[in-house]
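Report on the structure given below.
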Amino acid sequence: MYIADAHCDALWKLAQKKHPVVNINSLQQGKINVQTFALFTIPNGKKEQEKRQIAAQIHAFHTLVNDSAILRHEPFAPLSSQSSKTHAILSLEGMSMFEFDSLDMLLHAGVEMVSLTWNERNQFASGTDYNKGGITSAGKKMIRWLNDHGFSLDGAHLNEESFWDAIHLADHFLVSHANIKGIYSHPRNLSDAQLLALVEKNSFVGLTCYPRFLNGTKDAFYSDIARQIEYAGELGVISILGFGTDWDGIDETVHSFASPRDFPRILDWLLLRFDEEIVKGVAGENFRRFWNNKYKQRSFQNSGNPLQ
Ligand SMILES: [Zn+2]
């Protein structure tokens, strides 16, 4: 089965000199087709220091990919269902440290997906720590720049007001890691109206495997993931559902689903409960379709690979 994970914080873990659960061995054991690696640092207002931390993580990412026989990084290329290697996508979680004059760093690194904020409010948007505040005028300009350069805009961590602004402004928009508010009401989770708007946009939502977002406790099980799939089916949004585990960014995990090597086990369990087509879609096909839509959008085809 084609398996995709739209978000993990392994690079952040490596930056702290810790061992990430998302690593070459676990990706190989889980037979993961796509793994997104986020560049992330906790915003502290010291932009130069933050940028240095991001640069170090970019270096770690390229070292990881170059040293590995199973990872490949081909920025701005469609995903193929044929490859036996794990396609590594580089993303940036929160842009607080960037201004318009430093964006070359993202282009040269091969970053393909960006979120404007983490939980904070910054020069571009407001994160989920704030009830109010939409995309700022600098944020609108940034989204135009991201559109022009073929980036996907990640709406994870945006508050609702910023989400609604962003979904209308971005050419290629997803929410890489969140859960369903109709099951558990948390500011990081998505309302029915948001999920339906994402379907309208041919978008994608990655289910986060963080118990606190799944059910509000520190314990979650396969049945909690199944509830998300059932709810999405009833609401008519199953076609955009997939995984954005957030592994290495979370301190608690779903029982027996704590590393890429656990993917086959939970997928087998889900196959006993849902149609094969649904499980295949959630496992990775929905992400692949969403990702490859970008290459069908005329505006991006015309501009071509921004690195050239
Ligand atoms: Zn996050």
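Filter the stretch 179-189 down to the residues that are away from the ligand (no atom under 13 Å from the Cβ) and either surrounded by 21 or more Cβ atoms within 10 Å (Cβ to Cβ) or of a type in the set (Val, Ile, Thr) (or both), then identify the one that is farthest from residue 290 (Cα to Cα).
Per the criteria, the residue is 183.
Can you tell me which residue is farthest from the ligand (Cβ to nearest atom) among those in the stretch 136-156 that are part of a loop (DSSP other than H, G, I, E, B) and within 12 Å of residue 91 (Cβ to Cβ)?
Within the stretch 136-156, the match that is farthest from the ligand (Cβ to nearest atom) is 151.
Answer yes if at least one residue in the stretch 198-209 is among the polar types (S, T, N, Q), surrounded by 17 or more Cβ atoms within 10 Å (Cβ to Cβ) and at pLDDT 95 or above, and no otherwise. Outline the logic, then answer.
Here is the first cut: in the stretch 198-209, the residues among the polar types (S, T, N, Q) are 202-203, 208.
Checking which are surrounded by 17 or more Cβ atoms within 10 Å (Cβ to Cβ) leaves us with 203, 208.
Adding the requirement that they be at pLDDT 95 or above leaves 203, 208.
Yes, some residue in the stretch 198-209 is among the polar types (S, T, N, Q), surrounded by 17 or more Cβ atoms within 10 Å (Cβ to Cβ) and at pLDDT 95 or above.
Out of the stretch 34-45, which residues are of a type in the set (A, V, I, L, M) and either over 21 Å from residue 120 (Cβ atoms) or more than 16 Å from the ligand (Cβ to nearest atom) (or both)?
34
Of all residues in the stretch 97-146, how many are open to solvent by less than 10 Å² (accessible area, probe 1.4 Å) and closer than 23 Å to residue 62 by Cβ?
Number satisfying all stated conditions: 12.
For the structure I just gave you, tell me whether residue 68 is assigned to a helix (DSSP H, G or I), of a type outside the set (Lys, Arg) and more than 30 Å from residue 125 (Cβ to Cβ).
Values: assigned to a helix (DSSP H, G or I): no; of a type outside the set (Lys, Arg): yes; more than 30 Å from residue 125 (Cβ to Cβ): yes.
Spelling it out, it is not the case that residue 68 is assigned to a helix (DSSP H, G or I), of a type outside the set (Lys, Arg) and more than 30 Å from residue 125 (Cβ to Cβ).
Being of a type outside the set (Asp, Glu) and away from the ligand (no atom under 12 Å from the Cβ) is the filter; apply it to the stretch 166-178 and report the residue that is surrounded by the fewest Cβ atoms within 10 Å (Cβ to Cβ).
168
Which of (1) within 16 Å of the ligand (Cβ to nearest atom); (2) surrounded by fewer than 19 Cβ atoms within 10 Å (Cβ to Cβ); (3) under 25 Å from residue 241 (Cβ atoms) does residue 31 not meet, given it meets every other one?
With (1) within 16 Å of the ligand (Cβ to nearest atom); (2) surrounded by fewer than 19 Cβ atoms within 10 Å (Cβ to Cβ); (3) under 25 Å from residue 241 (Cβ atoms) applied to residue 31, the lone miss is (1).
Take the stretch 157-176 and flag every residue that is aliphatic (A, V, I, L, M), over 15 Å from the mean Cα position of the chain (by Cα) and not in a helix (DSSP H, G or I).
170
So in the stretch 46-86, with the set limited to residues that are open to solvent by 40 Å² or more (accessible area, probe 1.4 Å) and in contact with a Ser or Thr (Cβ under 8 Å, 6 or more places away or on another chain), which one is nearest to the ligand (Cβ to nearest atom)?
Of everything passing the filter in the stretch 46-86, 53 is nearest to the ligand (Cβ to nearest atom).
Would you tally the residues in the stretch 148-165 being in contact with a Pro (Cβ under 9 Å, 6 or more places away or on another chain) and surrounded by fewer than 24 Cβ atoms within 10 Å (Cβ to Cβ)?
So the answer is 5.
In the stretch 203-224, which residues are within 17 Å of the chain's Cα centre (by Cα) and in a helix (DSSP H, G or I)?
Passing the criteria: 213, 214.
In the stretch 94-105, how many residues are away from the ligand (no atom under 13 Å from the Cβ) and under 18 Å from residue 8 (Cα atoms)?
1
In the stretch 227-257, which residues are away from the ligand (no atom under 13 Å from the Cβ), open to solvent by 10 Å² or more (accessible area, probe 1.4 Å) and of a type in the set (Gly, Ala, Ser)?
Within the stretch 227-257, 233, 236, 239, 256 meet the criteria.
Testing residue 131 on (1) modelled with pLDDT under 95; (2) within 16 Å of the ligand (Cβ to nearest atom), one condition comes back false. Which one is that?
Of (1) modelled with pLDDT under 95; (2) within 16 Å of the ligand (Cβ to nearest atom), only one is false for residue 131: (2).
The values are calculated or read from the model by the stated rules, or taken from the named source; none is laboratory data. This structure is a prediction, so every number in the text was calculated from the model and none was measured. Here the Cβ is made from the backbone with ideal geometry for all residues, glycine too, and neighbour counts use every protein chain on show. What goes into the accessible areas is simple: the full protein's heavy atoms, side chains included, and nothing from ligands, DNA or RNA. Shrake-Rupley method; radii C 1.70, N 1.55, O 1.52, S 1.80 Å.
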